[in-house]
Amino acid sequence: MTESGNDADSYLAEIRDFGYERARDELVNVVKMLEQGGMDLDDSLALWERGEALATRCEQHLAGARKRVEDAISRSEAEEQV
C-alpha cells in the first residue's frame with residue numbers, strides 16, 4: 001500500500017471530488033483498517049494520510065451545509081421584517 005508522491009497526489013485529487021457520504025464511508029473504512037493493525041509503518045502512515053484527507057473533505061461539506069442553513073435563516077428573517 002506504500003504510495004509515492006504521485007500516487008498520493010492522485011488520490012488526494014480524487015478525494016476532492018467525493019460527496020459527503022462517500023468521503024464519510026471511506027473514512028469509516030480507513031479507521032477500521034487502522035484499528036485492526038497488522039500493517040507496516042509506511043502503509044499505516046499512508047492510510048492515516050488518506051484518512052486525514054477524507055476527514056478534511058467531510059468537514060468542507062459540513063461547513064458548506066452549515067453556511068447554506070445560515071443563509072436560509074437570514075433570508076427568512078429578512079423576509080419577516082419586510
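The values are calculated or read from the model by the stated rules, or taken from the named source; none is laboratory data. Quick caveat, the model's predicted, so the values are computed rather than measured. Accessible surface is based on the protein model in full, side chains and every heavy atom, while ligands, DNA and RNA are left aside. Shrake-Rupley method; radii C 1.70, N 1.55, O 1.52, S 1.80 Å.
For the chain, what does -39500 (n - 2.57) per DSSP helix run (n ≥ 4), summed and divided by total residues, give at 222 nm, in deg cm²/dmol to the nearest 500? That calculation yields -30000 deg cm²/dmol at 222 nm.
Taking 0.36 nm per residue of separation and subtracting the Cα-Cα distance, what length does fully extending GLU59 through SER44 add?
3.2 nm
If I stretch the segment between ALA78 and VAL28 completely, what's the gain in nm (0.36 nm per residue apart, minus their alpha carbon distance), one decimal?
Separation in residues times 0.36 nm, less the Cα-Cα distance, equals 14.0 nm.
Think of a 1.4 Å ball rolled over the protein heavy atoms: the chain then has 74 Å² of accessible area per residue.
Taking the 1.4 Å solvent-accessible surface of the chain as the whole, the part contributed by carbon and sulfur is 50%.
Largest first, the residues GLU52, GLU59 sort by 1.4 Å accessible area into GLU59, GLU52.
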